[in-house]
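Read the structure below first, then the notes.
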Amino acid sequence: MKEFKDTFYGDLTGHKSYDGINVSKLNLGSLNGAPDECYGDFYCERNVLKSLEHSPKIVFGTFGCGRNPITTLKGSPVQVGGDYDCSGTTIKSLEGCTQNIGGTFYAYNVPMTEGDILADIIKYQIKATDYSVLETYYTFDNIKEQFTNHQKMKSIKSKGFRTLLGLKKW
């Protein structure tokens, strides 16, 4: 199975890349050897990746992992400064997705419903400038109230209604 370190970039484990990286369409099965940080865009689209393990921890530009047979976004960068595109994958959940996205979050042609995607955006607190989901465009403000309501519900569940209302126990 071909890995990132087998490309013309070589093994960048533990290093920073100050240029964009494009390893799309190289039949990669693993990102082993990818840099820890990428100060440009990082594209690993249209490969045979089944995991995002070994992705850079920080991508200052766009992170494109679309059109791979991945089923999970676990292993995604911790932070993406530009867009995040996971379109055309076989993900069933947004668990593991980057929570801080500086640009647009794209999820087209995935086996999730629009409602499931929006629910997971809220559940996993994925904050982006805007969201392009199954051909529908949302701004952060469109779903900000849902984020707030989700946080309130988490608080209610952890503390209980009686505590939040200032009521004493029976």
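The values are calculated or read from the model by the stated rules, or taken from the named source; none is laboratory data. Keep in mind the model is a prediction, meaning the values are calculated, not measured. FYI the Cβ positions are ideal-geometry reconstructions off the backbone, even for glycines, and counts take in every protein chain you see. The accessibility values were calculated without ligands, DNA or RNA, using every heavy atom of the protein model including side chains. Shrake-Rupley method; radii C 1.70, N 1.55, O 1.52, S 1.80 Å.
General observations
- Straight Cα distances below 15 angstrom link Lys25 to the aspartates and glutamates Glu3, Asp6, Glu45, with same-chain residues fewer than 8 positions distant left out.
- Fraction of accessible area attributable to carbon and sulfur, the chain (%, probe 1.4 Å): 51 percent
- For the pair Tyr18 and Gln99 in one chain, pulling the backbone fully straight at 0.36 nm per residue adds 26.9 nm over the alpha carbon distance.
- At a probe radius of 1.4 angstrom, the accessible area of the chain per residue rounds to 54 square angstrom.
- Both radii were evaluated on the Cα set of the range 1-112; the Rg over Rh quotient, with Rh as the Kirkwood radius, amounts to 0.93.
- Furthest towards positive pole of dipole, Tyr108, Phe4, Gly40, structure part the chain, Cβ charges: Tyr108
- Most mobile listed residue (Asp120, Asp141, Asp11) in the chain, GNM with C-alpha springs under 10 Å: Asp141
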